[in-house]
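The structure follows.
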Amino acid sequence: MAIVRPFRGARPVPARVDPTSLALGKPVADVDDDVAAELLARDPRNAIGLLRGSPARAAFLLKEQLRAGVVVRDVRPSLYVLKVQGAAPRLGFFAVVRADSVDVDGPIDPAAADRLQAMGVAVEPAVIRYSDQRGRVARSLESETEREPDAAFVIEGRPCELWAVDDDSAVARVTALIEAQSLRVAGNAPGAAQRSLVHDDDARGFALAFFVDEESPVDLVPIGVVLHTLTGAL
């Protein structure tokens, strides 16, 4: 059974920086060098800088962003609901999943765990699809979007809104629906290598994931919106 948990995400502070300038909308492997250079020219704090540079450089950049108050870690563990606007708005959410509680397809790169541990932060989420034939997850997520969003930004030209959900009953309702399912990720998916770091509830063994209904197209992967720091407890 999958083990899905809320976590204390580190997020851009809209009053200090436009989250749009820090975000990516596709896996880092799909971003060519010219696009990466353009993103960093617009804002050197963009998530691509954390993902393309050395682990030591990524750790330094995150530390500086936290020190400057550009990125702040939430006080309470939360799920993070993301609505992507459009003709047919779509909902998904960020949570962390214990890396050894999901099935992995294909080989795992052993160096990936070393890099994550050296960085001290997970930036790019694994995309995990879930079944929601009765719409129970969708209704639970939708009920959390009835208030003003905690952040609004644009990724790949798509308006997005984000809500941090720290209510214990709401979190338990969503995670129970997801944990009842068998979840799978590809061996080369972000976070898959963290299986080797699992130790009790230490944050290092929990992979950052973006959960989305299997019926929804995944034409946008939100990166740099919520970060998962790999130190201490969740």
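Of PRO19, PRO14, PRO107, PRO89, which residue is surrounded by fewer than 16 Cβ atoms within 10 Å (Cβ to Cβ), touching a strand residue (DSSP E or B) at 6+ places or on another chain (Cβ under 8 Å) and within 21 Å of VAL127 (Cβ to Cβ)?
Only one candidate qualifies: PRO89.
Could you grab me the full set of residues in region 38-94 that are of a type in the set (Asp, Glu), part of a loop (DSSP other than H, G, I, E, B) and at pLDDT below 90?
Once the filter is applied, which keeps residues that are of a type in the set (Asp, Glu), part of a loop (DSSP other than H, G, I, E, B) and at pLDDT below 90, region 38-94 yields only ASP43.
Same structure, new question: Look through region 120-143, keep the residues that are crowded, with 18+ Cβ neighbours inside 10 Å and part of a helix (DSSP H, G or I), and return whichever of them is nearest to the chain's Cα centre (by Cα).
Filtering first and then ranking leaves LEU141.
Next question. Go through region 95-119 residue by residue and tally those that are of a type in the set (A, V, I, L, M, F, W, C), modelled with pLDDT of 85 or more and part of a helix (DSSP H, G or I).
Counting residues in region 95-119 that are of a type in the set (A, V, I, L, M, F, W, C), modelled with pLDDT of 85 or more and part of a helix (DSSP H, G or I) gives 4.
From the list GLY224, GLY232, pick out the single residue that is on the phi > 0 side of the Ramachandran plot, touching a strand residue (DSSP E or B) at 6+ places or on another chain (Cβ under 9 Å), surrounded by fewer than 24 Cβ atoms within 10 Å (Cβ to Cβ) and among the small types (Gly, Ala, Ser).
GLY232
In region 66-84, how many are more than 15 Å from the chain's Cα centre (by Cα) and among the charged types (D, E, K, R)?
Selection size over region 66-84: 2.
Listed here are the residues, each with its yes/no results for (1) among the hydroxyl-bearing types (Ser, Thr, Tyr); (2) assigned to a helix (DSSP H, G or I); (3) touching a Pro at 6+ places or on another chain (Cβ under 7 Å).
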| residue | (1), (2), (3) |
| --- | --- |
| THR175 | yes, yes, no |
| GLN181 | no, no, no |
| HIS199 | no, no, no |
| PHE210 | no, no, yes |
| ASP219 | no, no, no |
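Find the residue count for region 107-134, including only residues that are closer than 20 Å to GLU214 by Cα and either touching a residue at least 24 places away in the same chain (Cβ under 8 Å) or not polar (S, T, N, Q) (or both).
Total meeting the criteria: 10.
The values are calculated or read from the model by the stated rules, or taken from the named source; none is laboratory data. These numbers were taken from a predicted model, which means no experiment stands behind them. Note that each Cβ is placed from the backbone with ideal geometry, even for glycine, and that neighbours are counted across all protein chains shown.
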